[in-house]
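Just below is one structure, and these are the notes that go with it.
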């Protein structure tokens, strides 16, 4: 149905909120009401908690919610990727079992894709799923799993066929994390935070009906998850904060936000914090040093030109122009910006760059920048992978020779993982 | 527009590109750069009369087309891409801007229509030996003489200075202020000589003033702000010219590595080559974004969040670093042939080198950027 005007929708949302919104309700109670009414995810199908509205109407509805300070369904973190994947590839059983818990926030999710032996080469996963006694039995190890330490379910990519070629031997499962065969260890990073986990499977079990997509179709389903991850669509809001308004529902939401956002507290620092450079240089008494000024100017220039380039890409998209190269370089640009900023921050800090925590003179912010920026050129596709993508897809240069797609996966040379 | 071009702007760009592909291919650039004048008068006449390139940003009241700096920078970008040798930059971008900014209505009526038609070539004599475009260091002087002025001192790096029939000169007033003056290039007391330019497609001249009579443009207060605005517009257009040249170098180097075979395979299949090509694309795209944003700032500074001098200098600095780096990569990617005279890469390399220094170095402009930056 697309024969609604934006104004009709706004009026309907406002009327419904007037009748129902009450900040003293419980968070889960309220979200169940959103699910019944369809206003929590208006762009989802009517049979699955939505109203079947065009995707473009979702921000309109959200705007009306924001105006009245009304809380929405849970839409932070990995659960959004689970929802998107299940909506697109799941059976009715999957949708029935999981979608409501995702939207109310009662059940949380993690992604179980990367492995110690396959990072950039994700399809090289060797965690195995063997069909034994009517169930899938999982053995192996995953890594870089955000929020796995408190997740109820996991999106698991595992190998079910070792004789098929690489991408055809994978299947995708919805795994219950609360079982004896699943062990989660937090992974400490070089910046001291522990935002990720390692997950070990020892004869963990998945019932056959919780396989999603067909046997050997795991890569196809994973592509959906990854696409939503890259897009950051459906509101994976990494820097979300709860409202500071009074009321029971806001209190409960603040607690949820604090848990979901905890892994991301250092994310602003990994960008290099160009916004702090001038103020830091003045505070440190280095603003008259011509060498410092040159480095600050270079970092500011990179940060601003990267931002303008992203704006050019967005505007071209809005105008319906063919996508130019400006749309493919953002990730790589972010790495260069972060490095230039780290360099300038170091020059500004001088000997204090050796210190951390309270002793670095900035409450540890600069120290955290200096040891967090290396993440930006690795996470979400390394600089090297980005350069391959740019050179092959934008510049049409020849693809790398591969030795993994012309033979059964069991014959592909790979890492020895203990 | 800051982040995209209008259909009219794109059509203007396409028209210029077609014209320059047709009338100023590299074979023509090589022929023209060996001539005494250093440009093709017939190509310049066509560009001025048929395409209106000499008149772009000159107000309609003074015979111009009344467009903005954005359109002027598009023309500069296409000229840079083609490495067009022409009086466009010296006459239209620099001298006409100075006159339009400083002159009285009568002076603009007298001087600008000729430049807009392409028939008059003007040059801006401002920079001085060694100190360049830093106005605080200008030492040439102007003294009043019977209701007129007489200029003394040496100006250098004057773009299109030998081709010009009209000269705009910057000189210090008796009170220490900055004045902009106009005088015919063949005035008594003005001696010119061509400088040996490293870039043969961009001709520079030295001018010695020894009591040459000149008209003060506007009043004694007009010179300093007019000079500042002229430097900004020139920096924006130079940034456009440089990103045009850098993009051309990048494309030509990519085409070369795509056909070059070594060790039984295309050298474009080597990851080291692919990654260099990806980095070149990234750098050129970032510099383009800066050049376009600064051009928008020159037309409407309410549209942007930093003052024009900060953005013009940012664009000049990043475009000149990128142009030079792209030229270095381009020569390297060509290997031995890239170092030969016959390979065209060297032509753009020399323009990149000259552009690094022209209007001030990247370091000079980064410092200027910060002095004007709104933190």
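A few comments on the model shown:
- Failed condition for residue A:367, given (1) within 14 Å of chain B (Cβ to nearest Cβ); (2) in a helix (DSSP H, G or I): (1)
- From the options A:342, A:333, residue that is surrounded by 17 or more Cβ atoms within 10 Å (Cβ to Cβ), under 22 Å from residue A:267 (Cβ atoms), away from chain B (no Cβ under 14 Å) and touching a helix residue (DSSP H, G or I) at 6+ places or on another chain (Cβ under 6 Å): A:342
- Residues of the range A:46-74 that turn out to be in contact with a helix residue (DSSP H, G or I) (Cβ under 8 Å, 6 or more places away or on another chain) and either under 22 Å from residue A:90 (Cα atoms) or part of a loop (DSSP other than H, G, I, E, B) (or both), as a count: 9
- Odd one out for residue B:83, checked against (1) at negative phi; (2) buried (at least 23 other Cβ atoms within 10 Å of the Cβ): (1)
- When each of B:203, B:260 is tested for being over 30 Å from residue B:145 (Cβ atoms) and either crowded, with 24+ Cβ neighbours inside 10 Å or away from chain A (no Cβ under 14 Å) (or both), the lone residue that passes is B:203.
- Selection from the range B:143-194 of residues that are part of a loop (DSSP other than H, G, I, E, B) and farther than 23 Å from residue B:230 by Cα: B:146, B:147, B:186, B:187, B:188, B:189
- Residue in the range B:307-328 that is nearest to residue B:368 (Cα to Cα), counting only those that are surrounded by fewer than 19 Cβ atoms within 10 Å (Cβ to Cβ) and within 14 Å of chain A (Cβ to nearest Cβ): B:307
- Scanning the range B:263-291 for residues that are over 20 Å from residue A:309 (Cα atoms), more than 8 Å from chain A (Cβ to nearest Cβ) and touching a helix residue (DSSP H, G or I) at 6+ places or on another chain (Cβ under 8 Å) gives a single hit, B:267.
- Boolean, residue B:253 is touching a residue at least 24 places away in the same chain (Cβ under 8 Å), farther than 26 Å from residue A:385 by Cβ and either buried (at least 22 other Cβ atoms within 10 Å of the Cβ) or at the interface with another protein chain (Cβ under 10 Å from one of its Cβ atoms) (or both): no
- Number of positions in the range A:274-290 that are within 10 Å of another protein chain (Cβ to nearest Cβ) and either over 21 Å from residue A:365 (Cβ atoms) or in contact with a helix residue (DSSP H, G or I) (Cβ under 6 Å, 6 or more places away or on another chain) (or both): 4
- Residue match in the range A:254-267 (condition: within 30 Å of the chain's Cα centre (by Cα), assigned to a loop (DSSP other than H, G, I, E, B) and within 30 Å of residue A:74 (Cβ to Cβ)): yes
- Residue satisfying all of: in the range B:47-73; under 16 Å from the mean Cα position of the chain (by Cα) and surrounded by fewer than 24 Cβ atoms within 10 Å (Cβ to Cβ); farthest from residue B:109 (Cα to Cα) among these: B:71
- Selection within the range A:210-236 - modelled with pLDDT under 85 and buried (at least 16 other Cβ atoms within 10 Å of the Cβ): A:228, A:229, A:234, A:235, A:236
The values are calculated or read from the model by the stated rules, or taken from the named source; none is laboratory data. Here the structure is a predicted model, which means the values were calculated and not measured. Here the Cβ is made from the backbone with ideal geometry for all residues, glycine too, and neighbour counts use every protein chain on show.
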